[in-house]
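What follows is a set of notes on a single structure, which appears directly below.
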Amino acid sequence: MQELNEIELTLLDGLTKKYPSLKSHIPHLKVTERQATGVGMYVNFSYSNFNEKLENLNSLFSNEENIEIPNLKYGLGYVIDISDGEIKYIEFITYGEENWNGKFNGYRIVKSK
C-alpha cells in the first residue's frame with residue numbers, strides 16, 4: 001500500500017469541507033492501487049486501523065473543479081466515490097484525450113466555468 005500524494009490529499013481536503021465528518025478518515029487512508037487507463041486513472045483506497053463509518057453517506061463528489069495540466073489541452077475532471085460511509089476511490093478523467101501518462105506535474109486546480 002502507498003501513501004496518498006499531494007493532489008489526492010488536496011482533493012480530499014476539498015471533500016472534507018463539504019463533509020466535515022470525513023476529516024477523521026483521511027489519516028487512515030492508504031492507496032491500494034493507481035490504475036491508469038490511458039484516458040484517466042482510478043486511485044483506490046483502503047483503510048488502516050479505522051472502523052468509523054457514516055452509514056448513510058453515499059455520494060459522488062467533484063466540487064465543480066478542473067485540474068489543468070500542461071500536457072493536456074482540456075485538463076482533467078474527477079469524482080470521489082463515497083459508498084456506505086467510506087471513501088472508496090478517486091476517478092480522474094480526461095476530456096477525450098488519450099494516452100495521458102498519469103503524471104500531475106505542474107497541475108493547477110480551477111473552478112469549472
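Go through region 99-113 and give me each residue that's among the aliphatic types (A, V, I, L, M) and either within 16 Å of K18 (Cβ to Cβ) or assigned to a loop (DSSP other than H, G, I, E, B) (or both). Talk me through it step by step, then tell me what you get.
Looking only at region 99-113, we keep the residues that are among the aliphatic types (A, V, I, L, M), and these are 109-110.
Hit for region 99-113 is I109, nothing else.
Conditions (1) assigned to a loop (DSSP other than H, G, I, E, B); (2) more than 14 Å from G14 (Cα to Cα); (3) of a type in the set (G, A, S), marked per residue:
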| position | (1), (2), (3) |
| --- | --- |
| L57 | yes, yes, no |
| I67 | no, no, no |
| D81 | no, no, no |
| K88 | no, yes, no |
| E97 | yes, yes, no |
Kindly indicate the residue of region 83-93 that is at pLDDT 95 or above and not aliphatic (A, V, I, L, M) and also least open to solvent (accessible area, probe 1.4 Å) among those meeting that condition. F92
Counting just the residues of region 58-70 that are open to solvent by less than 30 Å² (accessible area, probe 1.4 Å) and out of contact with any helix residue (DSSP H, G or I) (no Cβ under 7 Å at 6 or more places or on another chain), which one comes out nearest to W100 (Cα to Cα)? I69
Quick check, is E52 among the charged types (D, E, K, R), more than 18 Å from D13 (Cβ to Cβ) and in contact with a helix residue (DSSP H, G or I) (Cβ under 7 Å, 6 or more places away or on another chain)? yes
Just give me the residues in region 17-43 being open to solvent by less than 20 Å² (accessible area, probe 1.4 Å) and either in a strand (DSSP E or B) or modelled with pLDDT of 95 or more (or both), in sequence order. L29, V31, G40, M41, V43
Would you say I80 is surrounded by 15 or more Cβ atoms within 10 Å (Cβ to Cβ) and touching a helix residue (DSSP H, G or I) at 6+ places or on another chain (Cβ under 9 Å)? yes
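The values are calculated or read from the model by the stated rules, or taken from the named source; none is laboratory data. All figures in this text were calculated on a predicted structure; none of them were measured in a lab. Heads up, the Cβs are rebuilt from the backbone with ideal geometry, glycines too, and the neighbour counts pull from every protein chain shown. Please note that ligands, DNA and RNA were not included when accessible areas were found on the heavy atoms of the full protein model with its side chains. Shrake-Rupley method; radii C 1.70, N 1.55, O 1.52, S 1.80 Å.
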